[in-house]
1. Can you pull out the residues in the range 177-214 that are out of contact with any Lys or Arg (no Cβ under 7 Å at 6 or more places or on another chain), polar (S, T, N, Q) and assigned to a strand (DSSP E or B)?
2. Under 6 Å by Cβ, and 6 or more places apart or on different chains, what pairs join a residue from the range 17-39 that is part of a strand (DSSP E or B) with one that is of a type in the set (D, E, K, R) and loosely packed, with under 14 Cβ neighbours inside 10 Å?
3. Tally up the residues in the range 257-282 that are closer than 16 Å to Glu225 by Cβ and either without any contact (Cβ under 8 Å) to a residue 12 or more places away in the chain or among the β-branched types (Val, Ile, Thr) (or both), please.
4. Quick one: Gly151 ticks every box in (1) farther than 20 Å from Arg213 by Cβ; (2) of a type outside the set (Lys, Arg); (3) at pLDDT below 90 except a single one, so which number is it?
5. Run Val195 past the list (1) at pLDDT below 90; (2) open to solvent by less than 20 Å² (accessible area, probe 1.4 Å); (3) within 23 Å of the chain's Cα centre (by Cα) and report the number of the one that doesn't hold.
6. Taking only the range 164-176 into account, find how many residues are open to solvent by less than 90 Å² (accessible area, probe 1.4 Å), in a loop (DSSP other than H, G, I, E, B) and in contact with a strand residue (DSSP E or B) (Cβ under 9 Å, 6 or more places away or on another chain).
Amino acid sequence: NLVPENDVKVLAESEGKVAEVRVEEGDRVAKGEILAQLDQGDAEITLKKAQVKASNTRLNFARAGKVLAENLMSREQYEKIATENEVAREEEAEAAWRPEKTTIGAPFSGHLTERMIRAGQHIRPGDVLFSVADFDPLIARIYLPEKDVLGLTEGRGVRITLKANETTQVKGRIRQISPVVDPATGTVKVTVEAVTPPPELRPGAFVSLAIVRETHPKALLVPREAILWEMQDSYLFIVDGAVARRRPVSLGLEEEGQVEVVRGLVAGDQVIVAGQGGLKDGASVKVLPSAQASDSRVSRKPQARG
């Protein structure tokens, strides 16, 4: 799956009633943009109460200092008043902080992917309010056997194909290769990043990834369906005049239904791609005109393994 690298839940930091919701799912938001506003009435009342209490304790603390200096108060009574003054100051500071937390802002620029609240709803600290995701970059985390990671380097090209529409292919690159092997699975995490993905490549989309490990220029290719197997040996049939000839072949790279033949064929050989399972070496065959028109001849094309 392709996922946004930055995808967070926006949580409530203050209790209150939702006065206004300013965004909807799918909206593009900027960092700091107001997503919702809580009713500030309770916060303002709490602040005024805290300010009155703090003012009174400050006066009591100042008077207590003078009384203590005249030895008319015990040290224990003075410490109690001092503690009450300190607690009132902390409560005032906390109350002053609450109105700021009634404004819910976007943590970064991105898209609003989910809205969990509505106007009039009462929320508490820790409630999930929104989901915000930055679609650039989109990444996929894959886990490869340790042996398959050998030789891979960061920056290597990756072909990303959308499973819902395989005509949609996007360039990607290996961004990170984990420096450790998971001892439980024997795999290494590889992070792949899509480069300038098109709009139809949405977060969460299923994709297939093809990592180019090596390239063989002018590779000799045949359709994969032409290959037959006998134990560990591979072979195919070619048309030699009016008969079929069995040819043992050595295979190389494979990609998109095409297989590289390293030994056993030359360019231009006509390969049988249908019905060859019942043939024997030397069997008579007749090439039909429709088959002659099809692309059954061995060709040379650039070939790379995914």
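The values are calculated or read from the model by the stated rules, or taken from the named source; none is laboratory data. As the structure is a prediction and not an experimental result, all values here were calculated from the model. Every residue, glycine among them, receives a Cβ derived from its backbone with ideal geometry; neighbour counts consider all protein chains shown. The accessibility values were calculated without ligands, DNA or RNA, using every heavy atom of the protein model including side chains. Shrake-Rupley method; radii C 1.70, N 1.55, O 1.52, S 1.80 Å.
1. Within the range 177-214, Thr187 is the sole residue that qualifies.
2. Matching pairs, first to second residue: Ile34/Arg22; Gln37/Glu20.
3. Total meeting the criteria: 7.
4. Status for Gly151: all satisfied but (1).
5. (2)
6. Let us first name the residues in the range 164-176 that are open to solvent by less than 90 Å² (accessible area, probe 1.4 Å), namely 165, 168, 170, 172-175.
Those still in the list that are in a loop (DSSP other than H, G, I, E, B) too: 165, 168.
After this cut, where a residue has to be in contact with a strand residue (DSSP E or B) (Cβ under 9 Å, 6 or more places away or on another chain) as well, the list is 168.
The number of residues fulfilling the criteria is 1.
One line per residue, one yes/no per condition, for (1) surrounded by fewer than 16 Cβ atoms within 10 Å (Cβ to Cβ); (2) over 30 Å from Leu201 (Cβ atoms); (3) in contact with a Ser or Thr (Cβ under 9 Å, 6 or more places away or on another chain); (4) not charged (D, E, K, R):
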| position | (1), (2), (3), (4) |
| --- | --- |
| Pro4 | no, no, yes, yes |
| Ala19 | yes, yes, yes, yes |
| Arg28 | yes, no, yes, no |
| Gln51 | yes, yes, no, yes |
| Ser55 | yes, yes, no, yes |
| Phe61 | no, yes, no, yes |
| Ala69 | yes, yes, no, yes |
